[in-house]
Structures are given as structure tokens and as C-alpha cells.
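Before any comments, here is the structure.
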Amino acid sequence: MARYGNCFFVYLGLPDVAIPRHQRFSLALWLTLLGCSLLLAATATSQEVEPTPTSPEVQPTPKSPTPKSPEVEPTPISPEVEPTTIPELEPVAPEVSPPEGGAAGAPDLSEEVSEPVALVPTTEAGGGARWHIAPHIQAKVTYDDNIFIQPDHKRADFIFTLAPGITFGYWEREEGRDYFQWQDAGSLIERPRGNFLIADYTAFLLGFARTSSENTVDHDGRVAFRWELAKLTLGATLDAGSNTEPDPDVGERVRIRTLAINITSRYQVSDKTLLGLALSNTINDPDGFIQTTEWRAEGFAQYAITPLLQLGLGLAGGRLQVEEGSDQVFEQIRARAEYSLTDKLAAQFSGGVEFRQFDESNNDRTSPVFALGIDWRPAAATEVTLQAFRQVGASALNVDENFTTTGFEASFRRALRGGLQFSLAGGYHVASYTFAGGGEPRTDHYVFVRPGLFYRITDRLQAGLTYQYRRNESNLQRFGFSNNQVTAEIGLRY
């Protein structure tokens, strides 16, 4: 799952997404909960909220987007993504993947609806809120000097990507749709505000100049819902996809099918007290490797010590079902803090301890976990973000092998003259692998840097050029690699 500003975006899979039979009940249950949330929002709105076209806009706390690229590679917080928002305090990723700096996915910290709970206008400057249909298409050419992320015998190739898609839904402000579509282009478009229900589907046709056996069609779908009442804010996302990408966890290129459902809510008890609840279910299914399914629930309470500072406490727990290995149960206790200084500076932090038990092993574990996000806008045309994290996930390569990922990512964005924008992202992660019953330990050190230039030709047309260098050093030689990528892209939306 990924979230952009106030938007929750998820990948909606196509026929290509295979859901095991024993997971169908889980999917049906969560879709039912999602439907109930939508019904609750509609009912509550009709009873409590009167549209106020002339109401002033409510400025939400800044949040960040996550890009989709032909070479999207899973990271513990999100694959090939340029982090541009403040992650929510608790990571919820479809099976935390080992570091692959900034890919579609983020720190894959799951996000709650953390904006101020207040009424927002139901009309936009150019007219009333309404249903929309917006086609879009993107074309990319990428030169990759190591498409299989191997330590030696590298294979270089040109990758051509054509990505047609369509966005459908209801949104109150056009910048919400724009930010949703230009998310991977280093854009400084205003963050979305207001209520929305958005669905998007994109097909990615990948063609390799030399390695034609890797030609494929990937699918990306997202449904996002958000509704604000007087005191209650509801959010829900459905994310499904089938993508072929290099995965540093398994050390090769693999097709990964994902399905994630998230429901979030925040209730403003009083001017100073806030309660929140989040539920999620994620399935990660890499072809030929170990499938995992995670159920998670989190509740928290926060109190405004000052108008700028909120402190709180959160409890989380869940179960990780491993297809071929021992299932795991985990509990977390986290302290929370949020700081917001208008729309210029915002920070969020949560940190605490996790207790994890294995069904078929006495090797219980206790480890620290944390998530930090800072979003700073020193000027209207400049944005600086920082994310740091420590979290635990299960490896898709070996049975009963977990890894703990600790790292940070930072990005800088600056709008230049004449519609030109510059972005720079980088990060460093350490992934430590351990077996529940003993075995050879593994430690990976991953670093990446990605500068880019983007040009808004018109409101509908945008072009970009990026370069990325990444390197992974591991004590197990077969998992180490270095990689250079250069990508030219152009995108059109209606």
C-alpha cells in the first residue's frame, strides 16, 4: 500500500493476480469491511454534514508520494520510490522487502489518516465536486547495466515501457488527481485535499532489446477512499498488482503478486484528544518463493500538549502466516509524537519494542522498532524530506528466516525556472538476516543515489530524465551487486 498526501492508493490486480484458495475468505471479509466503511461515511454525511462551498480550505499535514517504475524494486519501506512525505508511525508493508532504495512502495510504512479532522469544502474553484474519468499514458526508455542484479556476469539491456491507464472516481480538488498521476515525476504539485473515491488501473508493457525472454505485461491497480466528518475521518485502500522486478531478498528478478487491504479511522474526541484505529491484511506472493500473509491491528491515543505538539501511545499486534514455515505472532508497544508548524515543517515519530513468537520454535525474539518522518518546505518551490526506520519482515527465500532492516532515505526537490524541476534522492539500509532455528547469518548493506530533472511541458504533458546508482554489499557473495540505470520518460494525462 502507498499513500500520497491525504490520498490512500492501492494496486488493484488483474486476472494475472493469483489469490490462493485459503486466502479468498480473507479477501471477502476485508471487502465487506471496506463496504461497511463506505456505507458508514455516506450515512454519517447525510445526517451530520452540510456542504459548505464557501468554507475556507483546511491545510492538511504534508504527506508523500510513491512512484511506479518499470524497475520498481521492493524496499523495506517502498521500492524505487522517491520519499516525499511523512510516513505514518507504523509501517505496514506487504511483507517488508530488503533494501531497494526508494521503489514503489516506501519506507513501506503504512499510513493512517493523520491530517487534522475538520470539515473541508465540497466544491472546487472551477465548479462543484463531481465524478471524473481521466485517461493517461506514459512511455519510458531505461538503460540498465545489470538487469538481474548479479555480482558478476552482468547483463545489460534497454528496457522499453509503455504504460496506458485510466483514472475514475470522485474528487473535490483537481490537485488531488494531478498529484496522483504525476507521483513519480518529482512534482511539487499541491497536496490533495478534501474527500475522494478514486480508482486507477495501469498496464505496464515491458520490452527488452536483448533479453526478449523477460518481455512481460505488469498490472497496477489502486482504489482509495477518504471521507471527513465533523470529528471522524475514515480511510480505506485496496491495492493489488503483479509486477516483475529485481528483488534483493532472493537475489534475482522475480514476478511478485501483492494484495493489500487497509482500513483506517481517526476520531477527534476533543480539541486536544485524538483516538485512532487501523486494520490491515497484506499478501505477498513471489513466483517460486515463499508466500506470506499478514494480519495487523493497531490502536493509539494522542494528546495535544501544545497547539504544535502531540504525544501519545500506541499498541499493535498481528499474525504472519508463512506458506511453508512457522507462523509468527507479534505485539508492539510504541510511543508516538507529532509536530506540525503550519505547512512548512512537520515531523512524526513512533518508537518502541516488538515481541515476536514462532509457532514451531521456542526462539522468541524481542527487538526495538521505530519510524521517523520529517517534511520541510523552506520555500514554496522547495521540499526536503527525511525518513528513518527499523522494522522486521520474513524472507521469501528461506523457511523460518527473518530480517531486520534499519536505514534512512532523504530527498530534495526544487522547482527551477520555466517549468523545470530538480530532484535528488538517496539512502542507506542495513538488512540483518537470522534463522529461527539457527543457520548461516547474512548481512546486506545497501546504498543508492538518484538525481533527476523533470519538465512540465504543459499541464497535461511532462517529461523527465533520471540516473540511479545503487550498490549492495553482503557477507554472502551471491547477494552483492552494483547497478547503474538511466531513464528517459514522457507522460500525458487528460
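The values are calculated or read from the model by the stated rules, or taken from the named source; none is laboratory data. Predicted model only: the values in this text are computed from it and were never measured. Quick reminder, even Gly has a Cβ in these numbers, built from the backbone with ideal geometry, and neighbours come from all protein chains shown. When the accessible area is computed, the model is the full protein with side chains, heavy atoms only, and any ligands, DNA or RNA have been set aside. Shrake-Rupley method; radii C 1.70, N 1.55, O 1.52, S 1.80 Å.
Figures for the structure shown
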| quantity | calculated |
| --- | --- |
| Of all accessible heavy-atom area on the stretch 266-338, the percent that carbon and sulfur account for (1.4 Å) | 64 |
| For the stretch 227-270 versus the stretch 405-475, the gap between their alpha-carbon centres in whole angstrom | 20 |
| With DNA, RNA and ligands ignored, accessible area of LEU205 (1.4 Å probe; Å², nearest 10) | 80 |
| Estimated inter-spin distance, LYS154 and VAL447, nm [label 7 Å along Cα→Cβ] | 1.6 |
| Protein accessible area in the stretch 347-453, 1.4 Å probe - carbon and sulfur % | 64 |
| Residue-by-residue Karplus 3J(HN,Hα) for the stretch 201-208, coefficients 6.51, -1.76, 1.60, Hz, glycine and proline x | 10, 9, 9, 10, 9, 9, x, 9 |
| Table column - 3J(HN,Hα) (Hz), the stretch 141-149, Karplus curve with 6.51, -1.76, 1.60, x for Gly and Pro | 10, 10, 9, 10, 8, 7, 5, 9, 6 |
| Dipole of the stretch 297-389, positive end: most advanced residue of ILE333, TYR303, SER361 [Cβ charges, Cα centre] | TYR303 |
| Per residue accessible area of the stretch 359-494, 1.4 Å probe, in Å² | 45 |
| 5 angstrom amide H check on SER326, placed H, neighbours 5+ away | ASP400 |
| Label-point separation in nm, SER270 to TYR339, each point 7 Å along Cα→Cβ | 2.6 |
| Which of ASP249, ASP359 is most accessible, then next, and so on - probe 1.4 Å | ASP359, ASP249 |
| Karplus 3J(HN,Hα) series, Hz, for the stretch 255-267 with 6.51 cos²θ - 1.76 cosθ + 1.60 (x for Gly, Pro) | 7, 10, 9, 10, 9, 9, 10, 9, 10, 10, 8, 9, 10 |
| Segment ALA463-GLU360, extension gain: residue separation times 0.36 nm, minus the distance between their alpha carbons | 31.8 nm |
| 1.4 Å probe accessible area per residue over the stretch 186-323, in Å² | 33 |
| Rough spin-label spacing in nm, given labels placed 7 Å along Cα→Cβ, for VAL399 and GLU331 | 2.9 |
| Amide H partners (placed H, <5 Å) of SER395, local residues excluded | GLU401, ASN402, PHE403 |
| Nearest-10 value in Å² for the accessible area of ASP145, using the 1.4 Å probe | 30 |
| Unit charges on C-beta of K, R, D, E only; dipole of the stretch 314-403, Debye | 600 |
